[in-house]
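These notes are about the structure you will find just below.
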Amino acid sequence: MSLITYRQALHDALRSEMLRDPDVFLIGEEIGRFEGSYKITAGMLDEFGPERVRDTPIAEEGFTGAAIGAAMLGLRPVVEIMTINFSLLALDQIVNHAAKIYGMFGGQTRVPIVIRTPGGGGQQLGATHSQNIELYYAFVPGMKVVAPSNPADAKALMLAAIRDDDPVLVLENLALYNTTGEVPDESAPAEIGRAVVSRTGRDITVVAYSRMALVALQVAERLADEGIDVEVIDLRSLRPLDRQTVITSVQKTNCAVVLEDDWLTYGIGAEIAATISDGAFDWLDAPVRRVAMAEVPLPYAKSLETAALPSPDDAITAIRETLNAVARRR
């Protein structure tokens, strides 16, 4: 095991897959000579050359489309889109081509493409550069969407995404790049579509993904000092969604809170709440609470940005209110 950053884990996964499979190549803006805006591809151009580390113009629709074509012909492109906000420029290519080709053409060709892109707020990048719009892609059949919250999962899920024969979007939250964690030196690919119980507990289930899964663990440790035993589910994958792990946990704890970085309305949390209602309604002792960001374009001013984003204190308040509702019912 090595203690490395989330950033390094992604780099190591990309490098190991490029060494393992000559069909894997990287494509995106400034990923070569500049080594990527977040330095995930540092050293890649020198090691693998310009044929396999392709710098592109600022043209997300164009280079994503080129990568889809390469994938259809047998290569395994890994596309870096500098921020998920810029993926909107490639939305037609991703949603109407990458996600549809296998089904529309009767399985004659697959599209083994990875689109890796950071999202999230908290960096004072303004409303159009700080969004959590992974829901756009998780909504689409034909896509797979993963959202690792720690370095070990970042590496394992990236390995799995590159080896997958379907298009996979890998969501990387900007706030996670410098976080550290233990990662096996010889990582195996994770199973896409499998959530993990990152902390067991008996009193309440907290479901989260990406940055908020890390927040959930921090909150659980704070509440443990008060005698509140929180079970934390890290979804890891948004499509396919591991509903059974969530349901099983709620059947044990009888209540749940969902944490997410995106907007509350129509968000991932709404889908989780519906999942719990469908699968564990008879076990619930209180309504499912959701904690999300404010329903506003994210402000640039640091104080306003912080106020708009979901915080550990917001999560703790929701957990306490839920447990108080359970106590009243019992």
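Output the peptides 98-108, 155-165 sorted from most to least packed, where packing is the average of other Cβ atoms within 10 Å over each peptide's residues.
Averaged packing, sorted descending, gives the order 155-165, 98-108.
Against the globular-protein guess of 2.2 N^0.38 Å, express the Cα radius of gyration of region 206-247 as a ratio, rounded to two decimals.
1.24
So, counting K/R as plus one and D/E as minus one, what does the shell of residues with Cβ under 11 Å around Gln124 add up to?
Neighbour charge sum, excluding Gln124 itself: 0.
For region 179-185, take each phi angle, set θ = phi - 60°, evaluate the Karplus expression 6.51 cos²θ - 1.76 cosθ + 1.60, and give the result in whole Hz per residue in order, putting x for glycine and proline.
After applying 6.51 cos²θ - 1.76 cosθ + 1.60, I find 6, 10, x, 7, 10, x, 5 Hz.
Considering only Trp263, His11, Leu323, whose Cα is most displaced toward the positive end of the charge dipole of the chain, charges sitting on Cβ of Lys, Arg (+1) and Asp, Glu (-1)?
It is Leu323, whose Cα lies furthest towards the positive end.
Which of Phe34, Ala292, Thr179 sits farthest toward the positive end of the charge dipole of the chain, with +1 on the Cβ of Lys and Arg and -1 on the Cβ of Asp and Glu?
With unit charges placed on the Cβ atoms, the residue in question is Ala292.
Under the rule of at least 5 residues apart or a separate chain, name every residue whose amide H is placed under 5 Å from the amide H of Gly193.
Under 5 Å from the amide H of Gly193: Ser237.
Give, as a single signed number, the net charge of other residues whose beta carbon lies under 13 Å from the beta carbon of Arg194, with Lys and Arg counted +1 and Asp and Glu -1.
Taking every Cβ under 13 Å from that of Arg194, the sum is 0.
Estimate the FRET efficiency between Asp185 and Asp46 by the formula 1/(1 + (r/R0)^6), using the beta-carbon distance for r and 22 Å for R0, to the nearest 0.05.
Step by step, r from the Cβ atoms, then E = 0.45.
Whose amide H sits under 5 Å from the amide H of Leu169, counting only residues 5 or more places off or on another chain, with H placed in the peptide plane?
Ile115, Lys144, Val145, Val146
Near the amide H of Arg290, under 5 Å away, which other amide H atoms are found, from residues 5 or more places off or on another chain, if H is placed in the peptide plane?
Amide H neighbours of Arg290, under 5 Å, 5+ apart: Val258.
Quick check: convex hull over the Cα atoms of the chain, volume per residue in Å³, rounded to an integer?
Values: hull volume 42.9 nm³, N = 330.
In the chain, the Cα convex hull volume per residue is 130 Å³.
So if the hydrodynamic radius of region 1-142 is defined as the Kirkwood radius over C-alpha pairs, what does Stokes-Einstein give as its diffusion coefficient at 25 °C and 0.890 mPa s, in µm² per second?
Rounded, D is 155 µm²/s.
Using only DSSP helix segments of four residues or longer, with each worth -39500 (n - 2.57), what per-residue ellipticity at 222 nm results for the chain after dividing by its residue count and rounding to 500?
For the chain, the value works out to -10500 deg cm²/dmol.
Short version: ³J(HN,Hα) in whole Hz for each residue of region 101-107, in order, from phi by Karplus 6.51 cos²θ - 1.76 cosθ + 1.60 (θ = phi - 60°), x for Gly and Pro, what are they?
Computed from phi, the couplings for region 101-107 are 4, 4, x, 5, 10, x, x Hz.
Give the cross-link partners of Lys100 among the lysines, using a straight C-alpha distance below 19 Å as the criterion and excluding same-chain residues fewer than 8 apart.
Lys144
Where the centroid of each part is defined by its Cα atoms, how far is region 130-204 from region 274-323 in Å?
21 Å
Which net charge results when you count Lys and Arg as +1 and Asp and Glu as -1 among the other residues whose beta-carbon is under 15 Å from that of Leu259?
Net charge around Leu259: -4.
For a quick protection proxy, order the peptides 201-212, 266-277 by their average other-Cβ count within 10 Å, most packed first. Could you put the intermediate results ahead of the total?
Details: 201-212: 26.3, 266-277: 19.7.
The most tightly packed comes first, giving 201-212, 266-277.
Calculate how many DSSP beta bridges within the chain are antiparallel, expressed in % of all such bridges and rounded to the nearest 5.
20 percent
Using the Cα centre of region 1-158 as origin and beta-carbon charges of +1 (Lys, Arg) and -1 (Asp, Glu), tell me which of Leu45, Leu88, Ala138 is placed farthest towards the positive end of the dipole.
Ala138
None of the figures in this text is laboratory data; all of them are computed from the coordinates on show. Fair warning: this is a prediction, and the values are worked out from it, not measured in the lab. Methodologically, a virtual Cβ is constructed for each residue, glycine included, from the backbone with ideal geometry; neighbour enumeration extends over all protein chains shown.
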